[in-house]
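Input: a single structure, listed below in structure tokens.
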Amino acid sequence: MPISVVIADDQEVVRMGFRMVLESQADIRVLADVTDGEAALDAVDRLRPDVLLLDIRMPRTDGLEVTRRLTGRTAGRPAREHTPRIVIVTTFDLDEYVHAALHGGASGFLLKDASPALLVEAVRAAAAGHSLLSPAVTARLLRDLAPAGRTGRAARTPSEPLTDRERDVVQALAGGRTNAEIAGALYLSLSTVKSHLANVQNKLDARNRVEVAFWAWQSGLSSGTS
């Protein structure tokens, strides 16, 4: 079954661009595009999409409040009957928005200048239960988190040693590269990169690629010192 998507953004040109990119993929189907937060909530209830692409600044109800309502993280409001995976796509690269989106339950955070390939990858990752952040956002979060991690606790020990190729992939991931960029840099197929990352997640008991990247920073692998 294709991944079903609803797009919510108050700019028509953005909605059209996202729709064109996503509908060019055989495994993704756009069910609707809407212009504000209330319409996004209605579309989710009516169409039950797998993924909701959500702008932050929209009329009536903003994207952060939509996220909290759908995940049940708004005080006094239960989660909706259907909760899609949510990917925030915004122009505003502000730490307060990133933290609010992730704490609110979003699965991804992209900037609107992200490449079409990254947009598609974020939708597929969200549908599979994974997280994907813009490389710049990931790198900034890791810079904030890594010093505390290095001085607080030791990095977790993998259940099995990472292979040399897995270490290469993780190091590139910690540098903020997407799967497609890692594949190009290391002369690997995209499926091989995904396989390496899945193996690493299992060895680290990590929930997503952000935890893998944080482990790389915490252990020193991101700088090639481990």
First in region 157-169 and closer than 17 Å to S191 by Cβ, second anywhere and open to solvent by less than 60 Å² (accessible area, probe 1.4 Å) and of a type in the set (V, I, T), Cβ under 9 Å, 6 or more apart: R165/T192; E166/V200; D168/I182; V169/I182; V169/T192; V169/V193; V169/V200
All positions within region 55-70 that are closer than 14 Å to P84 by Cα and hydroxyl-bearing (S, T, Y): T67
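Residues checked against (1) modelled with pLDDT under 75; (2) open to solvent by less than 40 Å² (accessible area, probe 1.4 Å):
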site	(1), (2)
V123	no, yes
A136	yes, no
P161	no, no
V170	no, yes
L190	no, no
A198	no, no
N202	no, no
R207	yes, no
A216	no, yes
Residue that is modelled with the lowest pLDDT [pool: residues in region 90-105 that are open to solvent by 10 Å² or more (accessible area, probe 1.4 Å) and aliphatic (A, V, I, L, M)]: L94
Residues satisfying the stated conditions in region 15-41, i.e. in contact with a strand residue (DSSP E or B) (Cβ under 8 Å, 6 or more places away or on another chain) and more than 15 Å from V120 (Cα to Cα): L31, A32, D33, V34, T35, D36, G37, A39, A40
Test result for A185, modelled with pLDDT of 90 or more and either open to solvent by 50 Å² or more (accessible area, probe 1.4 Å) or more than 27 Å from R85 (Cβ to Cβ) (or both): yes
Unmet criterion (only one of (1) aliphatic (A, V, I, L, M); (2) out of contact with any helix residue (DSSP H, G or I) (no Cβ under 7 Å at 6 or more places or on another chain); (3) modelled with pLDDT of 90 or more) for V87: (2)
Matching residues, region 5-57, being assigned to a strand (DSSP E or B), free of Cβ contacts under 8 Å to residues at least 60 places away in the same chain and open to solvent by less than 10 Å² (accessible area, probe 1.4 Å): I7, A8, L52, L54
Index of the failed condition, L132 passing every other in (1) modelled with pLDDT of 80 or more; (2) under 20 Å from V21 (Cβ atoms): (1)
Near pairs, Cβ below 6 angstrom, 6+ apart or cross-chain, from region 111-129 (over 17 Å from I182 (Cβ atoms)) to any residue that is of a type in the set (S, T, N, Q): L111/S134; K112/T91; A126/S107
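The values are calculated or read from the model by the stated rules, or taken from the named source; none is laboratory data. This one's a predicted model, so the numbers in the text were calculated from it and none came from an experiment. Don't worry about glycine lacking a Cβ; one is built from the backbone with ideal geometry, like all the others, and counts go over all protein chains shown. Remember, those area values only see protein heavy atoms, side chains included, never the ligands or the DNA or RNA. Shrake-Rupley method; radii C 1.70, N 1.55, O 1.52, S 1.80 Å.
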